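Student: Here it is: the structure, laid out below.
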Amino acid sequence: MKIKVDFDLCESNALCVAMAPDVFELDDDDYLQLLTEDTTPENIDAVQRAVAACPRTALSLED
Ligand code: SF4
């Protein structure tokens, strides 16, 4: 599955960064950056928690 971010919705509050730091990070200007679009067996649990926790529903998973 691929991780998608709706940057129009994201408010860069970094909840996803805290949950999955191997996938999400804030850049020097506090904008969210996606380090990888790919889910893996290692990151899928954290990514799914981040998707569920995003208060802006800016994260989604697509086949
Ligand atoms: S949790 Fe949602 S709103 Fe917050 S930085 Fe991540 S994608 Fe953006």
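Every read-out reported here was derived from the displayed coordinates using simple, explicitly stated rules and does not represent laboratory data. What you see is a predicted model, and the numbers here were worked out from it, not measured in a lab. Don't worry about glycine lacking a Cβ; one is built from the backbone with ideal geometry, like all the others, and counts go over all protein chains shown.
Student: Would you mind calculating the gained length between LEU9 and LEU35 on full extension (0.36 nm times residue separation, minus the Cα-Cα distance), in nm to one decimal? Can you show the working numbers first?
Tutor: On the way: separation 26, 0.36 × 26 = 9.36 nm, distance 1.83 nm.
7.5 nm is the gain from fully extending LEU9 to LEU35.
Student: For the chain, what is the mean residue ellipticity at 222 nm derived from helices alone (per DSSP H run of n ≥ 4: -39500 (n - 2.57); sum divided by total residues; nearest 500 deg cm²/dmol)? List each step's numbers first, then the result.
Tutor: Working: 2 runs with 15 residues, N = 63.
Value at 222 nm, helices only, nearest 500: -6000 deg cm²/dmol.
Student: If you keep only loop residues by DSSP, which chymotrypsin sites (Phe, Trp or Tyr not before Pro) in region 1-48 have at most 11 other Cβ atoms within 10 Å of their Cβ?
Tutor: Details: sites: PHE7, PHE24, TYR31; in loops: PHE7, TYR31.
Taking region 1-48 and a limit of 11 other Cβ atoms within 10 Å, the loop chymotrypsin sites (Phe, Trp or Tyr not before Pro) found are PHE7, TYR31.
Student: Can you work out D for the chain in µm² s⁻¹ from Stokes-Einstein, where Rh is the Kirkwood radius over C-alpha pairs, the temperature is 20 °C and the viscosity is 1.002 mPa s? Walk me through the intermediate numbers first.
Tutor: Details: Rh = 11.4 Å.
Translational diffusion coefficient: 188 µm²/s.
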